[in-house]
Amino acid sequence: MPYYFKLMVIFSLVFVIASCSEKNANTSLPQESLTTQNNNSEQNRLSQASPVEQNDNMEQKLDQFMTNMKFSGSVMLVKDNKIQTAKGYGIADNLSKQPNGPDTIYQIGSLTKAFTAAAILQLQESGKLNIDDPVQTYKKDYPNDKVTLYQLLTHTSGIPDYTGFTDFITTMDIPVSVDDLVAKFMDKPLEFEPGSQFAYSNSGYVLLGAIIEKVSGESYGDYLNKHIFKPLGMERTGYLDKSNFSSNVAVGYFRNIDDELVQADPIDVTVAYAAGGVYSTVEDLYKWIQGLETGKIIGDASWEAMRTPNFAKYAMGWGIPDQKRTVYTHGGAINGFSSMIWRDMSQGTAVIMLSNLEGASFGSMIEVLQDLLSSEE
């Protein structure tokens, strides 16, 4: 197994304690896999990208593999910065029997973190904050004067992860305000000296969401919609409100010990917030990575910073498994859903997978799909 695929397994992290964990101790918890080119040259390459290039042989191999894996969700494969295929497998909603497709909407879990990180970097570019400042600069009531925004971004703050608290399971379906969500962990002691080591913490990204709202004067969802989603034409991506979408919205499931699909326990999106509350499609997520690479969302310096790893090869919302920083990746998991982006800029390849089945084993699947891309000429 290539080294970077091993990293995805090593840095697998639980975002939420999934609904199935209470019902079946033998059912695996959902996992999150973590994963310098000049932006101008990237823009030239990406601007030549064409619509889907049909490859029947690849389609057949992909269909066979996804069927064997009992995959339920949507996948996009990109080679030479051109979409090779984008399609769905399985059922989005067992009640309506709506099939999954390339435009099906899924909760994306911790793929949200890259959006939060980009928003922070945008605000730094506009002079409204500095990521090296203490959190106290923007949230006066935060009790620790050593924790910085950069440490929140890179999971090096030492703030304990609220999704691991004992009351999380019993409260995860209850809507919560941003202030009340922050209050769950704000006065907890730090787990280590800020900046001294890596420990994945959704709490840090919740704080970043609160700071985005404070500094911008906009709600988290409104900010992302105005400054990221709309500029990139991500029409089926958002936070909280899905009222505009009457169909093709996936319901989340898990497989019980009898291999039956069971609807996952609910989690209120306000509980996931800026750490994992965004929904999207595989098509929109490709627009997202194109927007990052071509400078439409953040400038060259910010894009470089976003891919500069700290401890554990984690940067800002992305895992960076190669020294040249041309590969970036992240996964997500939230009740009933799993997600993964794997992008190699040097090869012009990408794999984007969204599933309405929690605990999907993306680590092994990504490797097979990368091999499939490299084998097709």
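The values are calculated or read from the model by the stated rules, or taken from the named source; none is laboratory data. Small disclaimer: the values here were computed from a predicted structure and weren't measured. Because the Cβ atoms are built from the backbone with ideal geometry, glycine has one as well, and the counts that use them run over all protein chains shown. Just so you know, the surface numbers come from the protein's heavy atoms only, side chains and all, with ligands and any DNA or RNA stripped out. Shrake-Rupley method; radii C 1.70, N 1.55, O 1.52, S 1.80 Å.
Here are the numbers:
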item: Principal axis dimensions, largest first and in whole angstrom, of the stretch 117-158 by Cα; result: 27, 21, 12
item: Convex hull projection area averaged over all views, the stretch 76-136, Cα basis, nm²; result: 7.6
item: Stretch gain in nm, segment residue 133-residue 214, where the contour uses 0.36 nm per residue and the Cα spacing is subtracted; result: 27.7 nm
item: Ordering of 263-275, 184-196, 351-363 by packing [mean C-beta count within 10 Å, highest first]; result: 351-363, 263-275, 184-196
item: Long-range amide H partners of residue 85 with built H, under 5 Å; result: 77
item: Solvent-accessible area per residue, Å², over the stretch 156-254 with all protein chains present [probe radius 1.4 Å]; result: 44
item: Segments 251-258, 58-65 sorted - mean Cβ within 10 Å per residue, highest first; result: 251-258, 58-65
item: FRET E, pair residue 67, residue 322, Förster distance 51 Å, beta-carbon r, rounded to 0.05; result: 0.95
item: For the stretch 293-350, alpha-carbon Rg over 2.2 N^0.38 Å; result: 1.19
item: Cα principal axis extents for the stretch 251-346, largest first, Å; result: 48, 24, 24
item: Three-way shape label, the stretch 140-279, alpha-carbon gyration tensor, a/c 1.5; result: oblate
item: Residues residue 260 and residue 191, FRET efficiency given R0 of 41 Å [Cβ-Cβ distance, rounded to 0.05]; result: 0.60
item: Relative packing of 202-208, 146-152, which averages over residues the other C-beta atoms within 10 Å, highest first; result: 202-208, 146-152
item: Paramagnetic label zone (point 7 Å from Cα along Cα-to-C-beta, residue 174; backbone N under 14 Å) in the stretch 235-258; result: none
item: Set 139/188; 184/313; 82/287 screened for pairs whose C-alpha atoms are more than 19 Å apart; result: 184/313
